[in-house]
1. Considering every residue in A:334-346, what mean count of other chain Cβ atoms within 10 Å of its Cβ is obtained?
2. Find the centroid of the Cα atoms in the stretch B:240-318 and in the stretch B:4-26, then give the distance between the two in whole Å.
3. Pull up all non-local amide H partners of A:HIS162: gap of 5 or more, or a different chain, and H-to-H distance under 5 Å with H placed in the peptide plane.
4. How compact and how long is chain A, expressed as Rg and Dmax of its alpha-carbon atoms in Å?
5. Tell me, what is a quarter of the convex hull surface for the C-alpha atoms of the stretch B:6-57, in nm² with one decimal?
6. What is the order of A:THR231, A:THR153, fewest Cβ neighbours within 10 Å to most?
7. Within 12 Å, Cβ to Cβ, of A:HIS221, how many net charges do the neighbouring residues add up to if Lys/Arg are +1 and Asp/Glu are -1?
8. Shape call for the stretch A:1-89 from the C-alpha gyration tensor, a ≥ b ≥ c root eigenvalues: rounded (a/c under 1.5), prolate (a/b greater than b/c) or oblate?
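Read the figures in this text as sums done on the coordinates, not as results from a lab. All figures in this text were calculated on a predicted structure; none of them were measured in a lab. Cβ placement follows ideal geometry from the backbone for every residue including glycine, while neighbour counts extend to all protein chains displayed.
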Amino acid sequence: MEVKLLTARFGTPESWSIASYEKSGGYQALRKALRMDPDAVTEEVKKSGLRGRGGAGFPTGMKWSFVPKESKLPKYLCVNADESEPGTFKDRYLLELDPHAIVEGIVITCFAVGIHHAYIYIRGEFGLPYRRIQSAVEEAYSKGYLGKAILGTGFDLEVTIHRGAGAYICGEETGLIESLEGKKGQPRIKPPFPAVVGVFGGPTVVNNVETIAAVPWILGHGADAYRKHGTEKSPGTKLFSVSGPVVRPGVYEIPLGLPLRSLVNDLCGGIRGGKRMKANIPGGSSVPVLTAEEALAVNLDYESLAAAGTMLGSGGMIVIDEDTCMVWALMIIEKFYAHESCGQCTPCREGTGWLKQLVARLENGGGSPGDMEKILSITRNMIGTTICVLSDAAAMPAASFVTKFRSEFDSHVGAGRCPIRRATVGV
Amino acid sequence: MPRIYIDDREVEVPDGLNLIEAAKLAGIEIPHFCYHPGLGVDGNCRLCLIEIDGVPKPQIACNTFVKEGLRIRASSERVKELRRAVLEFFFLNHPLDCPICDQSGECLLQDFYMRHGQYESRLDLPKVHKRKVVDVGPRVVLDAERCVLCARCVRFCDQVPKTGELRIANRGNHSEITVHPDKPLENPYSLNTVDLCPVGALTSTDFRFKCRVWFLSSARSICAGCARGCNVYLEHNAGEAYRLRPRENMDVNTYWMCDDGRLTYKRLNDGRCEAPLLGGVESTHPQAVAELAGKLSGADPESILFVLSPEMSNESLYAARKFAAQAIGARRVVAASRKLPGIEDEILRKADANPNRRGCEVLGLWSDDLTDELARGGKLVILVQNDLLDHAPELAPRLAGFETVVALATNHCKTTAAASIVLPVTPHSECDGTFTNFQGRVQRFRRAMTPRGDAMNVAETLRRVAAAMGREFGWVNLNEIWREMAAEVEELSGMSPEAIGDQGMLLRSLRPAKDRSTEGEG
């Protein structure tokens, strides 16, 4: 059921070292790419159908081709390693266990787009992942995979690692760019898009760690081999970070299109203690929640999840069991988004705080019967009205939790405290 | 020019405009906080969301630019609902302290709520509290709770004085405007942040709590603080000037004015000469006029010196020059100032602290050196709106060389103290007229308040003096003076108060040849 393309090296001794990486065929895709025409490299990635793994799922090859060929200002690649979406921890594994795949992916991407300076923007809380990727970059420099005249070709590339300071919003590509430039991390108004005006004004590609890590495999094995996995519209494999009360939580690489039921029940061993699943957030805390019934009927690919009214997102799957209070779960989510809203756009700045307060009041048994309608109305005013999608990210869970688990919300009104947690965990 | 459709109404608008400006041209208000034509697009307030046909999500009008055939909805049900929603978000943590807020009456949050909000309140949760009454600088006070975080003030400091004192600190609904540590908001343009602030978050230390804004009347005027001549609104109530606010003129001051200039209104209130003085004792206007007429009649014209000033309007200068030449036959007429140069910068401020030196030059009156004329002495020296001795006290003995010192003055000063005849005249807040700025732009100011006490404008004062001497002299109004000035002074030809309008008009030699006839600019 698992298909290990990007995670094949996980578990091999010292998988993060260059020796181990080279031994398992590392940097061969780069050698191949450097002999190709840069446009052909982009074409191959386009052909593979690789979609951005950070959350939005935008076709990667197309993103690269938006960058103008000629530019007065330097072009940049930003690898988005600011993995912050609650429930998501796949990039962390890639950074810790296979950092050279990321470095190789960076060189190939930069060669394809004509970039000579790449940044890795890594979240500040990542200690080990930072040390691993830093050491991989140093090893790559010493072996001539980075720096001047890479592998004897005329291609130069510098890589700089930048550590974030702990803001979710810096995972949004333009927030990341602002932060990288030394400013307060808050998203930029678009247009212009980063492909035209990005880091220090130069055209910029921003790609997720997992996206970049897939590039060497695609170049090494060919787009057709990649497309053998997954579905027509969602080719290849995807790393899912599964958390919650399953028997074996963790990171699983599966072909896109795998039934959710297989991932949860077979790979993860089902719910602990023989409990039932109540709900499932398939793509990170910002996507609409699925009921267990919906979840068990859905396949894990972009189109099936969209048809089910949710999103694949970052693949951060949060499993919720029958003992968990949905109001309590939503309160935690809303606290997060209220804390992380950059505060720039009015609907998000005020809406996230409002949702947090309303849901917390309900969870504490102090809500009123009109609160649910109020929450739904607030979410309508928050979706699609701001510069970036943090507002949507806070609103979508609220709308879906309240709609799909209405009776739990109703049971809290006038209860004085959380009736579900009183029954399950005695608080 | 592209044609666009706003709510199915076809309008033709200049290329390059955003939809807020385009709609404004069509007389449609798209409410907004963060966008300002002088500061560009920021896109944070989200109040200007509109619908565009064929685009699924609502778009912000400020960052959408006109193109041929664009069809937008600025008043659809969805757009109205979004506006109400965004306003509701703004009010969520707003203190609603309008009764004690100095912005009341000119607050965009109030205005927009009345025009686009009007929903039932759904707010039943405690508000986030922030800092209040913070002196962010010597002239500006911050109330962070009232702030809508549009960042206009931040962008102003970054873009115009380029001093960058202000930032938004913290995140989410704890975001608030703050100054860098040890770097207060004290740039010489800081008070523009108060104008830019759409709500009562930034208020002026000088103006706050002095007067409710709905009591203020506003007159189109010119700042007399330097040779720039920033276009302003002079705002007043019951004969007192309360503040100056910049008035848009893209050729002169764009949207801004400097802090020093803003405080020049005080001189229009304080230390004013309101009654004529004879030998330092209050007199009546007819008596003082008769006294002066008598002195003038008995003096040899060669022994009379007129010292005019670059604080006088073009009309006053012209009237004084003509009075000297025709009513008296005097030839010793100069305009001079001994004011020290002020600070000049590349934004607005000019070193020349006089509003109308260029006007003196055009009328051939300007003199850089007064010493010789004063040294010649004589029977009478008549100083008009000239506080010479305040800036050059060393000239006092020279003035004493005249038998009689006469001052036509707006304010008490060392010159009036040295004068035996003082006649009060009106400053530019109390009469109509023009100044010519350093660019050679003749700019109108309008009478804001009724003259104080016995003050009257220079032309009228001199007409009365001439009449007391039994001589015909003078005009009935501004237009009459202008008809004569424009005919006589080549640089002013083609001009009239009407042609000069509210945006000013360049001197003839500075106008492109095709515009040297009569049409005004702007």
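1. 5
2. The distance from the Cα centre of the stretch B:240-318 to that of the stretch B:4-26 comes to 46 Å.
3. A:ILE120, A:TYR121, A:ILE122
4. So, for chain A, Rg and Dmax equal 21.9, 73 Å respectively.
5. Working: hull surface 16.7 nm².
With every direction weighted equally, the projected area is 4.2 nm².
6. Working: A:THR231 19, A:THR153 11.
Fewest to most other Cβ atoms nearby, the residues stand as A:THR153, A:THR231.
7. Numbers: positive: A:LYS32, A:ARG227, A:LYS228; negative: A:GLU44, A:ASP224.
Every neighbour counted, the sum reads +1.
8. Taking the square roots of the gyration eigenvalues as a ≥ b ≥ c, the stretch A:1-89 is oblate.
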